[in-house]
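Read-outs throughout are calculated quantities, based only on the coordinates presented, and are distinct from any laboratory measurement. It should be emphasised that the depicted structure is a prediction, and the values quoted were computed from it without experimental measurement. Reconstructed Cβ throughout: ideal geometry from the backbone, glycine too, with neighbour counts over all protein chains shown.
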Amino acid sequence: MKYLETLTSRDQQLAAAAVADFLPQEIYDIHTHPYHADHFAPNAWPFLSDKKVLGCVEHRAALQRYMPAKKIHGLYFGMPHKTADRGAMNTWVAGEVRAQGTPLSRALMVVSPSDNQSAVATALRSGQFCGIKVYHCYSQRPDTMNATVEEFAPEWMWELLHETRGVLLLHIVRDGAMEDTSNQASLRRLCRAYPQAKLILAHVARSFSYRNARKGLHAIADIDNAVIDTSAICESEAFRAALKILGPRRVLWGSDFAISELRGRCVTTGGLFFWLHPELIRADYKAPSSTDLTLVGIESLQSLREACEDTGLTQGDINDIFMGNALRTLAPHLPAEAVPAADTGLELWQRARTVISGGTGLLSKRAEMFDAKSWPAYFSRCSGSEVWDLQDRRYIDFAGGVGAILLGYADPDVTAAVRRRLTLGSYCTLVNPQEVELAETLVALHPWAGKVRYARGGGDAMTMSVRIARAATGRSGVAFCGYHGWHDWYLAANLGETDALNGHLLPGLEPKGVPRELKGTSVPFRYNDLASLEAAIAKLGDNLAAVVMEPMRSQLPKDDFLAKVAARCRAAGGIFVVDEVTSGLRYGFPGALSRLGIEPDLAVYAKAMSNGFPFGAVVGRDAIMQAADGSFISSSYWTDGVGPAAALAVLKKVKSLGVSELVWQRGGVLQTGLKTMAARHPACKLIVGGMPATPTMSFDLGADAPLAQTLYVRKMRERGFLVSSYYYVMLAHDEAKIQLLLTAADETMGEIAAIVLAGRLAEESGVARGLRGFTRLA
Ligand SMILES: Cc1ncc(COP(=O)(O)O)c(C=O)c1O
């Protein structure tokens, strides 16, 4: 193995293809070793035997042979070796970076656990170094490759890095790397105990076996102060795993210079890995033209590029990997103006307001619905019950995607099913066969039903159900209870001469644009109030096409309410439509109808049925569906493949894990916890209600309620939670997360109670009354 001075034309070609239209002009090498022969015993590094000094200048020149970036900054640290004179090496590296490094380049100090702690502290506090590089060879055991993290990165180093907001560059060892449970436990504990220390896990957390990355990186997904560097990893699988599990904001490019300049690559072999170098394969290896092995640095770059392409990263993501993430990681040690300005969601929200009507398509997602002053508004990624905002701050989210998500965000099984569909193509002239498989599944789940139709959203599917009912009966009147979407048939209720619906919808949700001719076609009734249903039906006379209702929302039916509604509807010649858009899969499997033991004529699903992908379905009795066949109900994207692929995966998972029951039980724990917490803070006058799977919590403070609610949202966000007055429990909310939420809510409520008692709600919340959500009929 030899440090390569000259690249072959083959190397140049490979490198040119790897960097073309990929590499940013300015890059930051987060993992690079300058070298000076004087600091080591003779022949400590055989591959550098004829080299005396490789400093910052040589580093940049070497990389620029195949990475034509205009500027290359570096985080430099000496090569850890048993024989290294660490003192001399560290002093030289710091001086070299000062003299020859770019202004943004920085140095790390190579430290052994046996080093003098106060000397290390002095060096770090002086600003000479922005952190520490540790290595297993300094651990006090013969088999250093089995060293635990603490054996070469002991607690005192973490304490010091926490104090100085320094970086720890750590190459973990032990077979299994991040899959090793001792490594996982150490890193989780230490990163949590010292949150201001910034951990860089070298070599994708030493995933020379990409399998370690796939399986092990999950252990640090919620460790906010840990990132990985790409150095010397030569397999795109490892990078793909890192991008998928950690996201592009936690992946930093590094070269591992001067290892990057060796010919070879590391490959996964079974559970471990093997370094291929030409000299290992053929002892008589000479001419580079006889091999296709190129430089480690070029291999790594090609693989990284492939992973970025496969993951569909944007140029912005790639710039982050090569530059922005390094600057953010080193921010405490760099001039403020060098660090990319953080995008605050609120600024983007203000821009959105100017170019998107309403800011975004769903009223309930508007920042003002939560807290106009602090709501992060936008996400960069989401996974399980967690959401990362534009600044990569992580939150545990109990608002459940405004009720659309039951399993968890980016559920792996649903994502895999959708990814398969996307990979194979999701839309073409022919029909997606999964439509049929899904229809048969849905019909089997609803023994009274014979046919289905698909839509791509809840309101969409509800409108379809009303059209079907109207087509099948030849009538137009609808008596309804609950919320059913934005369409004309529903908002027509507000066209009445009376104010029947005005009290139930948001102020400003006037039926503007809804034809006045629809007046009188939709009439609301109240849940558990048979007399109001009678009144609605009476109002519609002999024109009742359908009774449409949410089967349950905030209360359970009393006195066989649903059976009575169904009977009354059918007696009046109407079709009984149950809207399971929110209740479906959440309050029972396949819906609330199974919990309540009812058999409607049409059942409508969306939201949880596809767990975050656009979809909706109407499941209906055969005769009714056939009677509506003559009605033109047709749309291009109702045939897209993504929704059915997602729905099939969701149904399979929800059924096999018993998710509906699980969520009901876990939500029960949450609801009880909220009630106990409410009792501890009487000044807040909290009312906890809703179903166990969807507890609700509101402040009974009259005109002050919106102020208290805003403060609650804001203070919970500061504690790392996204909440609204509705808690949508997901499978991804395990008991530990529920307990975390309850603890945070209790602390928050203690603060709000004090503010209420001091009469300072208006002052503290800083807002007048915000927009309020729907007051629902059901
Ligand atoms: C019961 C019910 N029906 C219909 C809808 C409308 O669904 P979408 O927002 O997907 O159009 C909703 C949405 O909240 C709902 O809760």
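Past the 29 angstrom mark, what percentage of all C-alpha to C-alpha distances in the range 423-657 do you count?
Numbers: 6847 of 27495 pairs.
Here the long-distance tail beyond 29 Å is 25 percent of all Cα pairs in the range 423-657.
Of all DSSP beta bridges in the chain, what percent run antiparallel (nearest 5)? Don't skip to the answer; put the middle values down first.
Working: 32 of 71 bridges.
Antiparallel: roughly 45 percent of the beta bridges in the chain.
Treating the beta-carbon of each Lys and Arg as +1 and of each Asp and Glu as -1, no other charges, what is the dipole magnitude of the chain about its Cα centre, to the nearest 20 debye? Provide the component values of the computation, followed by the final result.
Values: 82 positive and 80 negative charges, 139 e Å.
Here the size comes out at about 660 debye.
Return the whole-Å distance between the Cα centroid of the range 227-278 and the Cα centroid of the range 599-616.
Result: 43 Å between the Cα centres.
What does the charge add up to near Asp622, with Lys and Arg as +1, Asp and Glu as -1, over the other residues with Cβ less than 14 Å from its Cβ?
Working: positive: Lys451, Arg453, Arg621; negative: Glu440, Glu599, Asp601, Asp629.
With Lys, Arg at +1 and Asp, Glu at -1, the neighbours total -1.
GluC sites (Glu not before Pro) within the range 1-100: which are DSSP loop residues with at most 14 other Cβ atoms inside 10 Å?
Glu5
Excluding Arg680 itself, what net charge comes from residues whose Cβ is under 15 Å from its Cβ, given Lys and Arg +1 and Asp and Glu -1?
Details: positive: Lys675, Lys685; negative: Asp746, Glu747, Glu751.
Counting the neighbours of Arg680, the net charge comes to -1.
To make sure I understand, if each residue's beta carbon is the centre and we count other beta carbons within 10 Å, what order do Lys52, Lys373 fall in, fewest to most?
Ranked by crowding around the Cβ, least crowded first: Lys52, Lys373.
Which percent, nearest 5, of DSSP beta bridges in the range 423-657 are antiparallel?
Working: 9 of 24 bridges.
Antiparallel: roughly 40 percent of the beta bridges in the range 423-657.
In a shell of Cβ-Cβ distance under 10 Å around Asp29, excluding Asp29 itself, what net charge do Lys and Arg (+1) and Asp and Glu (-1) give? Walk me through the numbers on the way to the answer.
Details: positive: Arg60; negative: Asp229, Asp256.
Net charge in that neighbourhood comes out at -1.
Going through the DSSP H helices of the chain, which span 24 Å or more along their own axis at the Cα atoms while scoring at least -0.5 as a mean Kyte-Doolittle hydropathy?
Values: long enough: 659-680 (31 Å, 0.08); 735-757 (32 Å, 0.90).
Passing helices, by number: 659-680, 735-757.
Output the pairs from Lys215/Lys653; Lys2/Lys82; Lys558/Lys653; Lys539/Lys564; Lys512/Lys715 with a Cα-Cα distance over 28 Å in this structure; if there are none, say none. Intermediate values should be presented prior to the final figure.
Working: Lys215/Lys653 21 Å; Lys2/Lys82 21 Å; Lys558/Lys653 32 Å; Lys539/Lys564 18 Å; Lys512/Lys715 37 Å.
The pairs that break the limit, which is 28 Å between Cα atoms, are Lys558/Lys653; Lys512/Lys715.
With no solvent and one point per C-alpha, what does the Debye sum give as log10 I(q)/I(0) for the chain at q = 0.05, 0.07, 0.08 Å⁻¹?
Rounded to two decimals, the profile gives -0.34, -0.62, -0.77.
Could you name the aspartates and glutamates in cross-link range of Lys519, using Cα to Cα under 17 Å and dropping any fewer than eight places away on the same chain?
List returned: Asp488, Glu497, Asp499, Glu510, Asp542.
Given the Cα-Cα distance of Lys52 and Arg189 and 0.36 nm per residue of separation, how much length would full extension add, in nm? Please report the intermediate quantities before stating the final value.
On the way: separation 137, 0.36 × 137 = 49.32 nm, distance 4.12 nm.
My answer for the length gained is 45.2 nm.
Among bridges DSSP assigns within the range 217-373, what percent are antiparallel (round to 5)?
On the way: 6 of 8 bridges.
For the range 217-373, the DSSP antiparallel bridge percentage is about 75.
How far apart, in nanometres, would the label points at Asp542 and Asn528 be if each is projected 7 angstrom from Cα along the Cα-to-Cβ direction?
Modelled inter-label distance: 3.6 nm.
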